[in-house]
Amino acid sequence: MSQSPPSARGGPPAPSAPGAGPSDAALVVAARAGERWAQQALFLRHVSYVSGILWRLVPNRADLDDVVQDVFFTAFVSLHKLENPQAFASWIASMAVRLTHKRLRRQRIAERLGLARRNEVSFDDLVGEGCPQDVAVEVRQLYEQVEALPVAERVALLLRRVEGMSLEEVAQATGASLATVKRRIAAAEERLSAQARRPRKDA
């Protein structure tokens with residue numbers, strides 16, 4: 001089930017057109033009944049979207065597949081908790097974001113204790129071939145700067161600026177209120193501005 005990391009936001013899968021196969025709601029009902037084909041269909045329909053979100057939050061190819069598998073495994077185990085079966089796309093996106101948030105917090109603690117090394121960002125894969133040089137430089141700078149942000153601010157900022165989510169979508173994905181999301185993004189922007197104003201050591 002290996003997938004290549006998307007280099008640009010693809011957006012959630014479009015609703016199935018008539019004759020294009022079962023709806024998400026129908027697949028969720030079947031999956032809840034233990035139908036493995038329905039789980040496979042949900043995976044194939046949504047894996048690119050979930051992979052894209054995870055990739056832009058933590059652009060490291062080394063363990064992307066493992067994280068994707070964790071997200072779908074957790075989703076299928078928790079499928080009975082999904083109140084609106086047709087909302088599977090937004091539900092699993094939120095699950096991906098929250099699992100990534102926990103993963104980033106554990107990684108940061110391990111780094112501070114000297115138990116892990118900082119994950120390297122795969123910049124070449126992130127920007128993609130043919131990306132304008134100025135855009136590539138801006139993306140690299142952003143990901144270098146967000147490493148120093150509190151995890152909650154980092155996640156909210158990347159969902160907004162890189163994933164392109166609306167504030168309301170960020171709030172839904174992170175399980176936070178709209179006011180909290182606005183506050184986190186504003187705080188992250190201020191920290192980045194402060195970093196930009198700080199004199200460079202090699203200047």
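The values are calculated or read from the model by the stated rules, or taken from the named source; none is laboratory data. Computed from a prediction, not measured in an experiment: that's the story for all the values here. We place every Cβ from the backbone using ideal geometry, glycine too, and count neighbours over all the protein chains shown. Just so you know, the surface numbers come from the protein's heavy atoms only, side chains and all, with ligands and any DNA or RNA stripped out. Shrake-Rupley method; radii C 1.70, N 1.55, O 1.52, S 1.80 Å.
Counting only residues that are of a type in the set (Ser, Thr, Tyr) and open to solvent by 50 Å² or more (accessible area, probe 1.4 Å), how many does the stretch 163-192 have? Even if it seems obvious, please write down each step before you answer.
So in the stretch 163-192, the residues of a type in the set (Ser, Thr, Tyr) come out as 166, 174, 177, 180.
Retained after the next criterion (residues that are open to solvent by 50 Å² or more (accessible area, probe 1.4 Å)): 177.
Summing the residues that are of a type in the set (Ser, Thr, Tyr) and open to solvent by 50 Å² or more (accessible area, probe 1.4 Å) in the stretch 163-192 gives 1.
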So which residues in the stretch 141-166 are of a type outside the set (S, T, N, Q) and out of contact with any helix residue (DSSP H, G or I) (no Cβ under 6 Å at 6 or more places or on another chain), if there are any at all?
Leu142, Tyr143, Glu144, Glu147, Ala148, Pro150, Arg161, Gly164
Residue that is surrounded by the most Cβ atoms within 10 Å (Cβ to Cβ) [pool: residues in the stretch 76-100 that are aliphatic (A, V, I, L, M) and farther than 23 Å from Val181 by Cβ]
Leu79
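Test of understanding: among Gly34, Gly11, which residue is open to solvent by less than 60 Å² (accessible area, probe 1.4 Å), at pLDDT below 90 and on the phi > 0 side of the Ramachandran plot? So that I can check it myself, show each step before the final result.
Details: Gly34 fails: at pLDDT below 90.
One residue alone meets the criteria, Gly11.
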Just name the residue that is modelled with the lowest pLDDT out of those in the stretch 140-157 that are open to solvent by less than 40 Å² (accessible area, probe 1.4 Å) and aliphatic (A, V, I, L, M).
Leu142
